[in-house]
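The structure appears right after this line, and notes come after that.
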Amino acid sequence: MNQKLMEDTFRLLQAEMSQIAGIQLSLSPAECEQLLSVVERHDLEYDRKVHLLGIYTILTVAAQRHMECVPHHPDLTRNILDGDYLYSFYLQFAVKCRELDLVAYMAPSIKKMQIARSNGEFTEHNPAREFDEFLIQERRQRSRTSKAI
């Protein structure tokens, strides 16, 4: 199932992303596995898994492109533009997938990471862990809401 989930995710992302940008989204199996293990632990519909893996992919590739931004690199401008486009695409895609709560949850850590990287601090960012924390929090809120009713 993971292979089908990955294929469906990348197909959806390529259909949604501007062809003019010329960006190919791909992750290594190890990078995908970080989030796949998270979504498998939660009781989620297939479409939501696709959406979450898509958001995770966009964020991961955007961070990778910005990590490649070093002075005098021949692709410096391209890496900056790709990373910036992908962060914008992340918001557009998340809104379309109705994952506004996830965006709000992720915003502080993404901003901290961007600020740190702009200061030359390239610390590891683990969005899979944050997705897991978000899904746990979301499940708890649903549980409290259903008990109140």
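The values are calculated or read from the model by the stated rules, or taken from the named source; none is laboratory data. It should be emphasised that the depicted structure is a prediction, and the values quoted were computed from it without experimental measurement. Glycine gets a Cβ as well: all are built from the backbone with ideal geometry, and neighbour counts include every protein chain shown.
Here are the numbers for the structure shown:
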| read-out | value |
| --- | --- |
| Number of positions in the stretch 10-43 that are basic (Lys, Arg) and either in contact (Cβ under 8 Å) with a residue 40 or more places away in the chain or not in a helix (DSSP H, G or I) (or both) | 1 |
| Leu81 being of a type in the set (A, V, I, L, M, F, W, C), in contact with a Ser or Thr (Cβ under 8 Å, 6 or more places away or on another chain) and modelled with pLDDT under 90 | no |
| Subset of the stretch 115-131 that is within 14 Å of the chain's Cα centre (by Cα) and assigned to a helix (DSSP H, G or I) - its residue that is surrounded by the fewest Cβ atoms within 10 Å (Cβ to Cβ) | Arg129 |
| Any hit, the stretch 99-107, residues being part of a loop (DSSP other than H, G, I, E, B), within 14 Å of the chain's Cα centre (by Cα) and modelled with pLDDT under 95 | no |
| Residue match in the stretch 45-65 (condition: without any contact (Cβ under 8 Å) to a residue 24 or more places away in the chain, touching a helix residue (DSSP H, G or I) at 6+ places or on another chain (Cβ under 6 Å) and not small (Gly, Ala, Ser)) | yes |
